[in-house]
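A short write-up of the structure that comes next.
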Amino acid sequence: MTLAEVLHKLGAGRSQAGQPVNHSVGAELLLSVGDRVQKGAPWLRLHYDTLAPTPDQMSRLQSVLKVGSDAGAKKRLPLVRELLH
């Protein structure tokens, strides 16, 4: 939700029908669930246009990533499946 809120403030979404959407604003997740990460490694690439993220927004984004151990991790499921007939 935090990511969606920050992207909305940067212009990626609209609050009402008919409002413009800035298609150059978005985010690219650099990790998937179950990936191993090291402290300080980037996990998100943020794309923005004229409105740069504020220090508060950057802090909020940095605080939402939850890192845990492999112990008790659930089996990864494929995010995309191909159906062949």
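Starting from the residue with the highest accessible area, list 66, 9, 39 in decreasing order, probe 1.4 Å. Don't jump to the answer; show the numbers that get you there.
Working: 66 165, 9 145, 39 210 Å².
I get 39, 66, 9, largest accessible area first.
Roughly speaking, what is the centre-to-centre gap between segment 26-59 and segment 4-21 when only Cα atoms are used, to the nearest Å?
Here the answer is 18 Å between Cα centres.
What's the magnitude of the charge dipole for segment 1-59 around its Cα centre, counting Lys and Arg as +1 and Asp and Glu as -1 at the beta-carbon? Answer in Debye, nearest 20.
Dipole about the Cα centre, nearest 20: 80 debye.
The values are calculated or read from the model by the stated rules, or taken from the named source; none is laboratory data. Computed from a prediction, not measured in an experiment: that's the story for all the values here. Please note: Cβ atoms are built from the backbone with ideal geometry, for glycine as well, and neighbour counts cover all protein chains shown. Just the protein is used for accessible areas: all its heavy atoms, side chains included, with ligands, DNA and RNA removed. Shrake-Rupley method; radii C 1.70, N 1.55, O 1.52, S 1.80 Å.
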